[in-house]
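Data first, discussion second: the structure below is written as structure tokens.
Where a number appears in this text, it was derived from the coordinates with a stated rule and is not lab data. Just so you know, these numbers come straight off a predicted model, no measurement behind them. In this analysis, Cβ positions are derived from the backbone assuming ideal geometry, glycine residues included, and neighbour counts consider all displayed protein chains.
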Amino acid sequence: MVPPGKGAPVEALVEPGQNALAVARSLVEQGLTEGDARSLARWFSLLGMDTRLKPGLYRIRPGTPWEVARQMQSQEPDSTGIRLLAGTTFKELGAVLSRWGGEIALLRELADLSNFPVELRGLLPENPEFRLAFLLPDSYLVTPSGAAVRDFVRLASRTWQVKIGPLLPRDTGAQWLLKRAILASINERESRDDEERARVAGVFENRLRLGMPLQSCATVIFAWKQKGRVLEGLTYGDLDIDSPYNTYRNKGLPPGPIGAPSLPAWQASLAPERHEYLFFVLSPSGRHIFSRTYEEHLAAQKIAGQEKQETQNRKGD
């Protein structure tokens, strides 16, 4: 039998990453028990809960440390999932988080360095919106409260640090890492096949080294999206947009990432394949045809166009 405690239930928040003692201290501060935090933490341990305290929102009646611990043991806390999809832009993520403050809340939490792992704080770009690239796409369980966006940023940035942090060179600097983040975000949108990502990354490295414009369709589509126009593909007229993200008109990198890169996109950006390719074109198979010269590229475009026409003809039969 679960002890009832006394009085009306009180909402108690357990934040992601809190250990048993931190949870106990929080509950004591909220007045849920007259006992001390160590006594409550000891009951968590005796009941086998110290390593299984789920984050979320509990509803607990005030009582003794034992009564509070037993009530928490018997409950499934309220929580909600936030899914960050690879390639998501700042505005798109703001819409996902609309019930907790949207873009305003997201900007606030991204601007707060304390929400990021200590190892990452000195490497983050000054523009909070660009820090979106340091949230790793995945599904995250957070408490359905005013702390939801903060918890999400903390969880997603911690996951980035665990999975990508060890891949960084020892002498990593903020400017170098921002460049890698921008290239990873472009790679995310340009490549559908993870096995090709390193080769695609190598093309952009070669173009930057030779002073050629990146000519990334993904950046132009992002530029139009910033102006409220959503495009699936581009016409030649679309390439004239006046934007620092138009990498057909501007050489070098755009100002910031165009979305949240996945782990494979980050891996490709950090370890691009070395080769002599300068061009690629997408074929109907979903894979790219890579070329070293513009003449080869024109031939590859012709092949891709023929394959597309053949595919459409087969669908029409």
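Evaluated with a Cβ-only charge set (Lys, Arg +1; Asp, Glu -1), segment 132-227 carries a dipole of roughly 320 debye about its Cα centre, given to the nearest 20. Of the labelled figures (1) 21.4, 67; (2) 20.4, 61; (3) 24.9, 81, only one reflects Rg and Dmax of the Cα atoms in Å as derived from the coordinates, namely (3).
Could you tell me which of rounded, prolate or oblate describes segment 10-73, using a ≥ b ≥ c as the square roots of the eigenvalues of the alpha-carbon gyration tensor, with rounded for a/c under 1.5 and, failing that, prolate when a/b is larger than b/c and oblate otherwise? Note, shape of segment 10-73 comes out rounded. Shape call for segment 174-275 from the C-alpha gyration tensor, a ≥ b ≥ c root eigenvalues: rounded (a/c under 1.5), prolate (a/b greater than b/c) or oblate? In terms of gyration-tensor shape, prolate. Think of the chain as having a plus end and a minus end, set by charges on the Cβ of Lys, Arg, Asp and Glu; of GLN73, ILE289, ALA148, GLN73 sits farthest toward the positive end of this dipole. Along the chain, the longest continuous region that contains none of the GluC sites (Glu not before Pro) in a DSSP loop with at most 12 other C-beta atoms within 10 Å is 127-231. For LEU239 and LEU208, the difference between the fully extended length at 0.36 nm per residue and the C-alpha to C-alpha distance is 9.2 nm.
A simple charge model with +1 on the Cβ of Lys and Arg, -1 on the Cβ of Asp and Glu and nothing else charged puts the dipole of the chain at about 240 debye relative to its Cα centre. Scanning the chain for trypsin sites (Lys or Arg not before Pro) in DSSP loops with at most 16 neighbouring Cβ atoms within 10 Å leaves 53-169 as the longest stretch between them.
Along the axis of the charge dipole computed for segment 26-128 (Cβ charges of +1 for Lys and Arg, -1 for Asp and Glu, origin at the Cα centre), the listed residues PRO55, ASN127, ASN115 are led at the positive end by PRO55. The mean sequence distance of close C-alpha pairs (under 8 Å, at least 6 residues apart), as a share of the length of the chain, puts its relative contact order at 15 percent.
Charged side chains reduced to their Cβ positions (Lys and Arg at +1, Asp and Glu at -1) give segment 80-167 a dipole of some 160 debye around its Cα centre. Amide hydrogen proximity for VAL10: with H placed 1.01 Å from N in the peptide plane, the residues at 5 or more positions away or on another chain lying under 5 Å are ILE60, ARG61.
Only one residue of PRO254, SER216, THR235 has its Cα farthest out toward the positive end of the dipole of segment 213-268, where Lys and Arg carry +1 and Asp and Glu -1 on Cβ, and that residue is PRO254. Going by the alpha-carbon gyration tensor, a ≥ b ≥ c the square roots of its eigenvalues, is segment 226-309 rounded (a/c under 1.5) or, if a/c is not under 1.5, prolate (a/b greater than b/c) versus oblate? It comes out oblate by the Cα gyration axes. Residues MET72, MET49, arranged from fewest to most other Cβ atoms within 10 angstrom of their Cβ, appear as MET49, MET72. How high is the FRET efficiency from GLU119 to GLN18, r the C-beta distance, R0 35 Å, rounded to 0.05? My answer for the efficiency is 0.95. When the helices of the chain are scored as -39500 (n - 2.57) per DSSP H run of n ≥ 4 and the total is divided over every residue, the value at 222 nm lands at -13500 deg cm²/dmol.
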